[in-house]
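Data block below; observations after.
The values are calculated or read from the model by the stated rules, or taken from the named source; none is laboratory data. On a predicted model such as this, the values are computed, not experimentally measured, just so you know. Glycine also receives a Cβ, built like all others from the backbone with ideal geometry; neighbour counts cover every protein chain displayed.
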């Protein structure tokens with residue numbers, strides 16, 4: 001009987017790999033909610049699963065024809081809010097909505113225009129300190145940022161955004177007391193894994209560079 005945790009593979013001496021051609025390569029990336037300002041001064045809220053951070057810069061991949069990319073081209077302020085695994089239904093309620101009207105032909109079938117995305121998702125906007133777009137109140141981590149570079153990717157079908165984070169807001173329950181560090185045992189991002197939603201499993205260990213270490217040892221070789 002296999003008792004390995006879900007998502008793990010049994011140990012084998014050698015594996016013969018097969019060649020595949022997947023339609024997408026979402027091999028486990030965090031979900032973020034992006035708030036941007038529309039031309040009329042209202043705000044758009046969009047889910048995104050192509051985001052990664054380097055220092056205080058967050059790199060985001062967007063569809064070229066979406067409202068978020070359209071907004072950031074001329075109004076670069078944004079908020080990057082990170083939901084928890086339990087909030088995946090709210091994220092999915094946003095998935096079939098767009099802030100573009102008319103709906104671009106490149107959008108998937110079933111996508112519809114929705115100007116009130118916070119209400120549609122059952123989420124609440126709260127004022128930011130340094131930028132106009134609001135934060136998502138329910139998200140434990142909220143990053144006020146500015147898009148310093150917005151450019152097409154090599155395929156021409158997407159837009160790559162390099163956003164510099166200017167202020168970080170965190171739920172105190174996920175912060176190590178007396179520090180500016182997120183407690184990795186208290187925080188779990190929502191992960192988008194080949195178009196399915198997941199959370200993190202139990203901690204396996206930590207990097208030698210961590211400043212929030214717990215006692216753990218490497219397994220024997």
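What do you reckon, is residue 147 within 20 Å of the chain's Cα centre (by Cα) and assigned to a helix (DSSP H, G or I)?
no
Can you tell me which of 47, 30, 83, 89 is within 26 Å of residue 166 (Cα to Cα), within 18 Å of the chain's Cα centre (by Cα) and surrounded by fewer than 20 Cβ atoms within 10 Å (Cβ to Cβ)?
None of the other options fit; the residue is 30.
If the Cβ limit is 9 Å and pairs must be 6+ apart or interchain, which residue in the stretch 109-126 that is in contact (Cβ under 8 Å) with a residue 12 or more places away in the chain and at positive phi pairs with which residue that is assigned to a loop (DSSP other than H, G, I, E, B) and surrounded by fewer than 15 Cβ atoms within 10 Å (Cβ to Cβ)?
The qualifying pairs are 110/96.
The conditions are (1) surrounded by fewer than 13 Cβ atoms within 10 Å (Cβ to Cβ); (2) closer than 18 Å to residue 54 by Cα; (3) touching a strand residue (DSSP E or B) at 6+ places or on another chain (Cβ under 7 Å), and residue 165 fails exactly one of them. Which is it?
Just one mismatch for residue 165, condition (1).
Taking the conditions exactly as written (more than 27 Å from residue 188 (Cβ to Cβ), in contact (Cβ under 8 Å) with a residue 24 or more places away in the chain and either touching a helix residue (DSSP H, G or I) at 6+ places or on another chain (Cβ under 8 Å) or in a loop (DSSP other than H, G, I, E, B) (or both)), does residue 132 satisfy them or not?
Spelling it out, residue 132 is indeed more than 27 Å from residue 188 (Cβ to Cβ), in contact (Cβ under 8 Å) with a residue 24 or more places away in the chain and either touching a helix residue (DSSP H, G or I) at 6+ places or on another chain (Cβ under 8 Å) or in a loop (DSSP other than H, G, I, E, B) (or both).
Can you tell me how many residues in the stretch 171-198 are under 22 Å from residue 61 (Cβ atoms) and in contact (Cβ under 8 Å) with a residue 12 or more places away in the chain?
The number of residues fulfilling the criteria is 9.
When residues of the stretch 63-90 are filtered for being at pLDDT 95 or above and part of a strand (DSSP E or B), how many remain?
6
Looking at the stretch 150-170, I want the residues that are at negative phi and outside any strand (DSSP E or B) and have a partner that is at pLDDT 95 or above and surrounded by 15 or more Cβ atoms within 10 Å (Cβ to Cβ) with Cβ atoms under 8 Å, at least 6 apart or on another chain. Which pairs are those?
Qualifying pairs under 8 Å: 153/61; 153/159; 153/160.
Going through the stretch 54-86 one residue at a time, which ones are touching a strand residue (DSSP E or B) at 6+ places or on another chain (Cβ under 6 Å), over 18 Å from residue 107 (Cβ atoms) and free of Cβ contacts under 8 Å to residues at least 60 places away in the same chain?
75 - this is the single residue of the stretch 54-86 that is touching a strand residue (DSSP E or B) at 6+ places or on another chain (Cβ under 6 Å), over 18 Å from residue 107 (Cβ atoms) and free of Cβ contacts under 8 Å to residues at least 60 places away in the same chain.
Evaluate the stretch 129-145: report whether one residue or more is more than 20 Å from residue 35 (Cβ to Cβ) and surrounded by 11 or more Cβ atoms within 10 Å (Cβ to Cβ).
No, the stretch 129-145 contains no residue that is more than 20 Å from residue 35 (Cβ to Cβ) and surrounded by 11 or more Cβ atoms within 10 Å (Cβ to Cβ).
So which residues in the stretch 21-50 are free of Cβ contacts under 8 Å to residues at least 40 places away in the same chain and over 17 Å from residue 143 (Cα atoms)?
Answer for the stretch 21-50, where residues must be free of Cβ contacts under 8 Å to residues at least 40 places away in the same chain and over 17 Å from residue 143 (Cα atoms): 21, 23, 25, 39, 40, 41.
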